1. How large is the dipole of region 35-257 about the Cα centre if only Lys and Arg carry +1 and Asp and Glu carry -1, each at its Cβ, rounded to the nearest 20 debye?
2. Going by amide H atoms built from the backbone, whose H comes under 5 Å of the H on S77, apart from near neighbours?
3. Can you find, among V245, A110, S231, the residue sitting farthest towards the positive end of the charge dipole of region 35-257, where Lys and Arg contribute +1 and Asp and Glu -1 at Cβ?
4. Taking amide H atoms as placed 1.01 Å from N in the peptide plane, list the residues 5 or more away in sequence, or in a different chain, whose amide H sits under 5 Å from that of G56.
5. Once Rh for region 35-257 is found with the Kirkwood sum over Cα pairs, what is the Stokes-Einstein diffusion coefficient at 25 °C and 0.890 mPa s, in µm²/s?
6. Where a ≥ b ≥ c are the square roots of the eigenvalues of the C-alpha gyration tensor, would you call region 385-478 rounded, which needs a/c under 1.5, or, failing that, prolate if a/b is larger than b/c, or oblate?
7. With the dipole of region 35-257 worked out from charges on the C-beta (+1 for Lys and Arg, -1 for Asp and Glu) around the Cα centre, which of Q216, A91, L131 lies farthest toward the positive end?
8. Scan around E170 for amide H atoms under 5 Å from its own, H built in the peptide plane at 1.01 Å from N, and keep only partners 5 or more places away or cross-chain.
Amino acid sequence: MLAKAAQRLASLPEHTQQHRSATALIPLLNQTRQNGAALTLGWPSSDDRPLKKWLGPRLLWWPRGVPEGRRVTWISSRLGRAIDERPDWFAVLRSATAKLDPQRDLLLTASGTTVDRFLERAAILFGIRRLRVHLDERRTLVDWLTRLRRQLWRSFLSQDVAGPAVTQSEVFVSPSGGWSAEDGSSSDLPLSDRVLIAVADQVFALQVRPNGNLHQLLRERLLNSDWPTASVWLALGETLVPSDVASELQSLGAIGWWLFVADAASVHPNDSATIADASCVGHGGTINRLTWPDGDYFVHWTRRQDGPWPDQSEANFIDELLLSREATSHSAFAALSRIVQQRRLIASATGIRGETAVVSFSANPLYELTKQRTFRTHRGRWDCEAYGLCLRREWLQSRGAKPVIYGDDDLWTSLPDSNRAFFQLKTTRSRRGAKLIDWSREAEWRVPNDLDLSEAGREDVLLFAPTEDEARQLAAISPWPVLALPTSQNPSATPATTPHC
């Protein structure tokens, strides 16, 4: 239809805008049509009734053609921030993906879902074909079509009009266009979940929260005869699909799947962090008290890292989790162990105005910091942790350490560029504005860029951890002494992304 309309416009006089636009559009339309591109109403070659019932009538644009195969989707409730502490979830995902047939199966993903972040790498690692579903309810149907036209034109200009991909395809699902789904009970649930569960020939639930969105959608699918029986599989386990949810869904026809994995409780949570090569054999030993006088050292504490390490790519981080590699823990203890093994403190620009990467320290005494720890609700973490390092003040100053300049926005504006890396707002309010926080109490110092610790002697660095056992593990790989520093408060917390100051 589009090609015929362009041909009619091209027959108009050459000086008209319609003729010029159509003449430019015809090669693009011919090329995309040759590559199998299609615009369909509903999902081709499938029973369209479930899709209409849950989603209403939708246009679907297939820029690389409609891929064939059994449509399979993995779904999961939210994992939380500490995903490195979920080996059970990744073991199920890894095992289920490995069982797919690369020739027959087509793995569906959609942005905004829990599993999407991991399925791109899983499809590459296991050689599975993937179909990415693009959704956009914020636009009108006309805006959606206009956006697709522009996208086609940009692809044509960049010559990115290759034929159907072997491992990855895309489909763009239109807005509802004012139509509502026939099934009102599910129309208020997330569109991405509705699309994946409605379209898939087989659904594998990795984790389902009781009475959550996925629980409701799975129940509705199993109660509806439009979908085949035994097409919903459940990963059984109290941290995956708990017994009460599994029992209900299995009574409606779902299939339970149990994966036997190593008991996580039998492995010490810090075992992976103690693995080191010969260059990391320690001789620092452990101590039971801090002998350095207050004022002669600065304190740097480590936090758990939710996501890749500062010098690690997203793909490598996900590969660690999917392939169950060693040292996947990103706890505060693991972060400290990694610093010791690398002999380096990696600078970060998180929360730093101007986004200059720095390494931060506190000039406050170590015992004072551990006794006066405060949980910052607006940041979702403690202001200091029970793991970290003390470094000699004189040694740090020789590496460029300077005290933070506390002030207001006017002071920031007046500072030369060379000093802006050391600026910090003196006061801010908590997330709800109820509490005024005075950041100058942290007595912060900063070192621009990464800090190389390979030249630090035994007398320049001291590590600390909250237990004797962890202190001994660190001493096995550390050239510097390690202090066991017990704290009555929770030594770990889940950090959030810090705001710019």
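Read-outs: derived from the displayed coordinates by stated rules, not from any lab. Remember, it's a predicted structure, so these values are computed and weren't measured experimentally. Cβ atoms come from the backbone with ideal geometry, glycine included; neighbour counts cover every protein chain shown.
1. On the way: 28 positive and 25 negative charges, 141 e Å.
Dipole of region 35-257, to the nearest 20 debye: 680 debye.
2. For S77, whose amide H was placed from the backbone, the distant partners under 5 Å are Q207, V208, R209.
3. A110
4. Counting only residues 5 or more places away or on other chains, the set is E182.
5. On the way: Rh = 18.2 Å.
In µm²/s, the coefficient rounds to 135.
6. Numbers: a/c = 3.59, a/b = 1.54, b/c = 2.33.
Because a/c hits 1.5 or more and a/b fails to exceed b/c, region 385-478 counts as oblate.
7. L131
8. Here R64, R132 satisfy the definition.
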